[in-house]
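Here the structure is laid out as structure tokens; the discussion comes afterwards.
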Amino acid sequence: MSAEKIYIFDTTLRDGEQVPGCQLNTIEKIEVAKALEELGVDIIEAGFPISSPGDFNSVVEISKAVTRPTICALTRAVKKDIEVAGEALKFAKRGRIHTGIGTSYYHIHHKLKTTEDEIIRRAIEAVKYARNFVDDVEFYAEDAGRSDNVFLAKVTEAVIKAGATVINIPDTTGYCLPQMFGDKIKYLIDNVPNMDKAILATHCHNDLGMATANSISGVINGARQVEVTINGIGERAGNTSLEEVVMTLNSHKDLNFTTSIETKKIMKTSRMVSSLMNMPVQANKAIVGKNAFAHSSGIHQDGVIKNRENYEIIDPKDVGVSESEIILTARSGRAALKHRLELIGYEPINGELDGIYERFLELADSKKQINDSDLELLIDRNRKDSRSLKLDYLHISTGTAPETMATVRLDVDGELQSATASGNGPVDAAFNAIKQVVKRKLHLEEFLIQAITRGSDDIGKVHVQVNSNDTIYSGFSGNTNILTASVEAFIDAISKIK
Ligand code: KIV
Ligand code: ZN
């Protein structure tokens, strides 16, 4: 049996954009709408035209700029709202009016202060009126999650009869449990006689963290449209996130559902929405969080290197992430380090890995994460270890006093030699002490410190050029301690003198 299509209705630009601080101008909304079109969504809810001239204008411009998906505009069950929405959609190739009214006890009696019969009358009137402007009318039963199923079925039957093509069952307050929400959808399928004439939609909010679970339960029980936002952006705890629903349906092929989403574009769209709407994505967010495909514990890293599927149910490439990330930290093992060294083109030979690993652990203790350029420095330092001149100990006392003192102890061909010297700064004092140990006339030609860019625990890099008997020798080192890096770079240059 071929997989059944689930329609993806994206409301990032309407329910998502209602969040304080997330407002976009029309140009930005068009940019997002085009990205949603490319992603493959079926319906874009572009705004609530009566709410502001800006929203009206955005629906008009999105209708002109985006032609494949249906463009939807929200209204209350109010004639003026519907007229304005109809006007805003006049350039849409396929336009939909999304109208509705509250159906829960709270909304009927405490918000609208009316009766059940009046709700049904207004719902029918709104749907019929909307059909004068478009053929595609979606009806939402606000707070359906807390509405009585018998009454909900009555409203549903009436609005389908009035011409609604889609019936949206919002869990407006995010109250439902998955079983409860699924049962609600099933109740409507089983008890609304004309249910075959319309599509049922889920629109779940995430107040209890169950928006995705509830939407999936709705689909399993008969809903064929899911209303979602990118990154789950939306009022309070947000809406159902598009990427979670789509990847759940993709991962559970046994459910036999399909969507038209091009999943490889998920990450790109997520980043775009996050940056335009000033809404950072939490690092551990499913599918699109920074850590969604990052492994940092040694056991998991080893498992992923052996076979990605040991610890991953989604291939990161399927959502537009180039590969799983092995984060090198103090908890990483040799296997992860070796894997990363190989990725940067370095194959350790004959016990080299042990030396690099030892240095790696030292560095990982002073720095949270080890990146590729840190590894290059570790390889470099490991190589220099075989040299006859090495730094064994360094102590510098410095401050506001005019003179700085430095003590160095060098390993010269296996023999430890120390000296103490002063200078007009910590680097000068340390270099003078080194010159005493090596007993050479050396002139520092150049001294360059590379800026620290990623935080105060990052590695500082030092390049030096030393003149000895009119020959220039270059030295380099990197260290989280910039004074140690300076001294190591100086020693590196000296150790090249024949
Ligand atoms: O959450 C909700 O009930 C809504 C409706 C307006 C569809 O966003
Ligand atoms: Zn909503």
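The values are calculated or read from the model by the stated rules, or taken from the named source; none is laboratory data. Just so it is clear, the structure is predicted and the values come from calculations on it, not from any experiment. Here Cβ is always computed from backbone atoms with ideal geometry, including for glycine, and neighbour counts include all displayed protein chains.
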Q | Test for ASP171: is it within 16 Å of ligand 2 (Cβ to nearest atom), without any contact (Cβ under 8 Å) to a residue 60 or more places away in the chain and buried (at least 23 other Cβ atoms within 10 Å of the Cβ) | A | yes
Q: Quick one: which residue in SER422, SER366 is closer than 30 Å to GLU325 by Cβ and polar (S, T, N, Q)?
A: SER366
Q: Can you tell me which residue among GLY234, GLY182, GLY174, GLY238 is away from ligand 1 (no atom under 13 Å from the Cβ) and either assigned by TED's automatic domain parsing to the domain that holds ASP42 or in contact with a Phe, Trp or Tyr (Cβ under 6 Å, 6 or more places away or on another chain) (or both)?
A: GLY182
Q. Here is a list of conditions, (1) surrounded by fewer than 24 Cβ atoms within 10 Å (Cβ to Cβ); (2) farther than 23 Å from SER260 by Cβ, and THR99 meets all of them except one; can you say which number that is?
A. (1)
Q. Residues LYS154, LYS128, LYS113: which one is farther than 18 Å from VAL78 by Cβ, among the basic types (Lys, Arg) and over 41 Å from the mean Cα position of the chain (by Cα)?
A. LYS154
Q: Could you please let me know if ILE71 is assigned to a strand (DSSP E or B) and in the same structural domain as ALA164 (by TED's automatic domain parsing)?
A: yes
Q: Among the residues of the stretch 1-32, count how many are more than 16 Å from ligand 2 (Cβ to nearest atom) and within 19 Å of VAL84 (Cβ to Cβ).
A: 2
**Q.** Residue ID - nearest to PHE139 (Cα to Cα), chosen from residues in the stretch 185-202 that are within 14 Å of ligand 1 (Cβ to nearest atom) and in contact with a helix residue (DSSP H, G or I) (Cβ under 8 Å, 6 or more places away or on another chain)
**A.** LEU200
**Q.** Scope the stretch 40-68; condition hydroxyl-bearing (Ser, Thr, Tyr) and without any contact (Cβ under 8 Å) to a residue 24 or more places away in the chain; matching residues
**A.** SER51, SER52
Q. Can you tell me how many residues in the stretch 310-331 are outside any loop (DSSP other than H, G, I, E, B), out of contact with any Gly (no Cβ under 7 Å at 6 or more places or on another chain), over 15 Å from ASN250 (Cβ atoms) and modelled with pLDDT of 85 or more?
A. 1
**Q.** Selection status of LYS285, outside the structural domain of VAL19 (by TED's automatic domain parsing) and within 26 Å of ILE43 (Cα to Cα)
**A.** yes
Q: Go through (1) more than 14 Å from ligand 1 (Cβ to nearest atom); (2) out of contact with any Ser or Thr (no Cβ under 9 Å at 6 or more places or on another chain); (3) within 23 Å of ALA130 (Cβ to Cβ) one by one and return the number of the condition VAL166 breaks.
A: (1)
**Q.** Any chance ALA88 is buried (at least 21 other Cβ atoms within 10 Å of the Cβ) and under 30 Å from ILE230 (Cβ atoms)
**A.** yes
Q.
Please count how many residues of the stretch 185-223 are away from ligand 2 (no atom under 16 Å from the Cβ), part of a loop (DSSP other than H, G, I, E, B) and buried (at least 18 other Cβ atoms within 10 Å of the Cβ).
A. 3
Q: Within the stretch 57-70, identify whether any single residue is within 29 Å of ALA158 (Cβ to Cβ) and crowded, with 24+ Cβ neighbours inside 10 Å, and answer yes or no.
A: yes
Q) Can you find even one residue in the stretch 347-357 that is assigned to a helix (DSSP H, G or I), of a type in the set (Val, Ile, Thr) and more than 25 Å from VAL246 (Cβ to Cβ)? A) yes
Q. Mind checking which pairs have a first residue in the stretch 103-120 that is on the phi < 0 side of the Ramachandran plot and a second that is β-branched (Val, Ile, Thr) and outside any helix (DSSP H, G or I), Cβ under 8 Å, 6 or more apart or different chains?
A. HIS107/ILE101; ILE108/THR114; ILE108/THR115; LEU112/ILE101; ILE119/ILE101; ILE119/THR103
Q) Within the stretch 378-390, is there a residue that is assigned to a helix (DSSP H, G or I) and within 31 Å of the chain's Cα centre (by Cα)? A) yes
Q: Quickly run through the stretch 1-39 and pick out the residues that are outside any helix (DSSP H, G or I), touching a strand residue (DSSP E or B) at 6+ places or on another chain (Cβ under 8 Å) and within 16 Å of ligand 1 (Cβ to nearest atom).
A: TYR7, ILE8, PHE9, ASP10, THR11, GLU17
